[in-house]
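Report on one structure; see the data block that follows.
The values are calculated or read from the model by the stated rules, or taken from the named source; none is laboratory data. A quick note: this is a predicted structure, and the numbers were derived from the prediction, not measured. Positions of Cβ are generated from backbone atoms using ideal geometry, with glycine treated the same way; all protein chains shown enter the neighbour counts.
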Amino acid sequence: MSWCECPKCHREFTSLTAFDKHQDVDYRRPHADIVRCQGPASVGLVIGRGGRWGHPGDADSRARAEKMRAERKAGR
């Protein structure tokens, strides 16, 4: 799985969309302050098992993920 790290705040994100969501970009601000990092939890992101921030899953996606983990574990 791919992930990305913010060069400004050094938090890790599970996807580019989660990374983008945590940034407040305003080109009217001075150059050094165009991008401001927001707290991931304050914009609706959750921290996952791997310590990376991402979008919360809905009940169906969580159930699919748990099923895949169980199948993978049983296959080992």
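Restricting attention to the stretch 46-76, and to residues there that are more than 16 Å from the chain's Cα centre (by Cα) and of a type in the set (D, E), which single residue is farthest from H10 (Cα to Cα)? The residue in question is E71. Pull up the stretch 26-45, narrow it to residues that are at pLDDT below 95 and of a type in the set (V, I, T), then point me to the one that is nearest to the chain's Cα centre (by Cα). So the residue we want is V35. Filtering the stretch 12-25 to residues that are out of contact with any Lys or Arg (no Cβ under 8 Å at 6 or more places or on another chain) and in a loop (DSSP other than H, G, I, E, B) leaves only S15. Within the stretch 1-23, the set of residues being touching a residue at least 12 places away in the same chain (Cβ under 8 Å), surrounded by fewer than 13 Cβ atoms within 10 Å (Cβ to Cβ) and farther than 22 Å from A65 by Cα comprises just one member, K8.
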